[in-house]
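**Student:** First the structure, then my questions, so here it is.
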Amino acid sequence: MPRPNILTRPAFEEAFEALNGAPVTLAVLDLDHFKRLNDTLGHAEGDRVLRGVERLLSESLPSGSIVGRLGGDEYAVLLPETAAETALILFDEVIKHFHIHRDPHWPRTLGLSVGLAARPSHAHTFADLYRAADEALLRAKREGRSRACIYVEGKMVLKSNYYPRSQLERLAKLSGALGRTEASLLREALDELIERYREAL
């Protein structure tokens, strides 16, 4: 089976936009403890691992899937017309296959973790969907790594003694007008704030 084209991040985002709002699940995946492998076995072995991951994805993903390399050992996959629950089963098998066929010389801690988020249930734009899938990926790592997790919307509790009631009411109206959760709007604002003052970090 031919290996899929591994798109760059800009090309991957263009492929997402070309879906024109159709239902899709986005998977964000990376290798657990990949730096440890590079440090102990060298970058040539690290490259061999990445080629193996790309080959595994090409052999495991359904026709029509779109694969991108976002940077380093981070990959993303678009699964058009696929529910997050179906994608979870698929990536559970991918992770299991990776472990069964791993090179015995690789560190035992090397694994695959995956975060999943779906449009329209979790988000609509690429930025929001990626943010949701990335949060799910972080949860997979917190829960022990080498697993796949679906995004779960966290509820933000905004206390009126921290924020004026007028601001909370405007946020609620904006949430309703845009069809987005208050939590996703606040995360977007926080991302922009951190980016603006990145030099101070």
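Any read-out appearing in this document is the output of simple, stated calculations on the displayed coordinates, not a laboratory observation. Because the structure is predicted, anything quoted here is derived from the model rather than measured. As a convention, Cβ positions derive from the backbone with ideal geometry for all residues, glycine included, and neighbour counts pool all protein chains shown.
**Student:** Find how much the distance from residue 125 to residue 196 grows on full extension, using 0.36 nm per residue of separation minus their present alpha carbon separation; answer in nm with one decimal.
**Tutor:** Contour length minus Cα-Cα distance gives 23.4 nm.
**Student:** Next question, about the same structure. Under the 0.36 nm per residue contour assumption, what length would be gained going from the current alpha-carbon distance of residue 141 and residue 45 to full extension?
**Tutor:** 32.2 nm
**Student:** Total Lys pairs in the chain closer than 26 Å by alpha-carbon, pairs eight or more apart in sequence or interchain only?
**Tutor:** Working: 35/96; 35/141; 96/141; 141/155; 155/173; 159/173.
Number of lysine pairs found: 6.
**Student:** Also: To the nearest 10 degrees, how steeply does helix 126-142 sit against the main Cα axis of the chain, on a 0 to 90 scale?
**Tutor:** Value to nearest ten degrees: 60.
**Student:** Arrange the peptides 91-101, 164-174, 26-36 so that the one whose residues have, on average, the most other Cβ atoms within 10 Å appears first.
**Tutor:** Numbers: 91-101: 15.1, 164-174: 11.3, 26-36: 21.3.
Order by mean packing, descending: 26-36, 91-101, 164-174.
**Student:** Running a GNM on the chain with Cα contacts under 10 Å, which residue among 133, 117, 15 ends up with the highest mean-square fluctuation?
**Tutor:** 15
**Student:** Hey, another quick one. Just to confirm the number: angle between the C-alpha axis of helix 43-60 and the first principal axis of the chain, 0 to 90 degrees, nearest 10?
**Tutor:** 80 degrees
**Student:** Efficiency by 1/(1 + (r/R0)^6): what FRET value for residue 180 and residue 92, r their Cβ-Cβ distance, R0 = 35 Å, to the nearest 0.05?
**Tutor:** With R0 = 35 Å, the Cβ-Cβ based efficiency is 0.75.
**Student:** Okay, next question. Report P(r) for the chain: all Cα-Cα distances, bin width 5 Å, range 0 to the bin holding the largest distance, values in whole percent.
**Tutor:** Answer for the chain: a P(r) of 1, 7, 14, 17, 18, 15, 11, 8, 5, 3, 2, 0, 0 percent.
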